[in-house]
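A short worksheet on the structure shown next.
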Amino acid sequence: GQMLATGSDEKTAKLWDAHTGKYLKTFQGHTSWIFNVAFSPNSQILASVSDDRTIQFWDVGTGEALRTFKGHTGQVHSIAFSPNGEIFASGSNDSTIKLWDVSTGQLKKTLQGHDYLVQSLAFSPDGKTLATGSDDCTIKLWDVSTGQLKKTLQGHAYIVQSIALSPD
């Protein structure tokens, strides 16, 4: 990782050189605080999700805003790119997960099944499964191509704030 990205309550995302710690640029455009940021697999796009209910794509090289995604009816808390970079998922306090086409900006699917805020998202290494964690204390596994719920895992007594799938 050559670059480090951060999002803050200042309504901005910032880019840093991960080796030197040098500040590189600021991405401005959200109207409220930023909950999460993610790089596309090719590191050319930085995505930020916000309390303003939007997802913003930024050109990492120029700092320019590329596209704003709207569709959630609540704060957008989580984001993850598929390993091939063709789609991304967003999770919101509207209890939904949305799958979007990166190149066209079109909403592909809305996944419903959680009862509360979707805090965390992770794609499997092959991009076929999306794992989601929620304030409803569950983990759900989704088929990305169909949008169907494959399995619900229970065992946490409190909010599932982070999630990861092993690379094997």
In the range 119-168, how many residues are hydroxyl-bearing (Ser, Thr, Tyr) and more than 16 Å from the chain's Cα centre (by Cα)? 6
Qualifying positions in the range 7-41 - open to solvent by 40 Å² or more (accessible area, probe 1.4 Å), out of contact with any Ser or Thr (no Cβ under 9 Å at 6 or more places or on another chain) and either of a type in the set (Ser, Thr, Tyr) or under 19 Å from residue 121 (Cβ atoms) (or both): 20, 23, 39
Reported set for the range 126-164 where residues are open to solvent by 70 Å² or more (accessible area, probe 1.4 Å), part of a loop (DSSP other than H, G, I, E, B) and not acidic (Asp, Glu) is 128, 145, 146, 148, 155, 156, 157, 158, 159, 161, 162, 164
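Taking the conditions exactly as written (more than 22 Å from residue 158 (Cβ to Cβ) and open to solvent by 40 Å² or more (accessible area, probe 1.4 Å)), does residue 110 satisfy them or not?
Spelling it out, residue 110 is indeed more than 22 Å from residue 158 (Cβ to Cβ) and open to solvent by 40 Å² or more (accessible area, probe 1.4 Å).
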Here are the criteria: (1) open to solvent by less than 40 Å² (accessible area, probe 1.4 Å); (2) closer than 22 Å to residue 34 by Cα; (3) more than 13 Å from the chain's Cα centre (by Cα). Tell me which single one residue 116 does not satisfy. (1)
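The values are calculated or read from the model by the stated rules, or taken from the named source; none is laboratory data. These numbers come from a predicted model, not from an experiment. Using ideal geometry, Cβ is built from the backbone for each residue, glycine included, and neighbour counts are taken over all protein chains shown. Areas reflect the complete protein model, heavy atoms only, side chains present, ligands, DNA and RNA absent. Shrake-Rupley method; radii C 1.70, N 1.55, O 1.52, S 1.80 Å.
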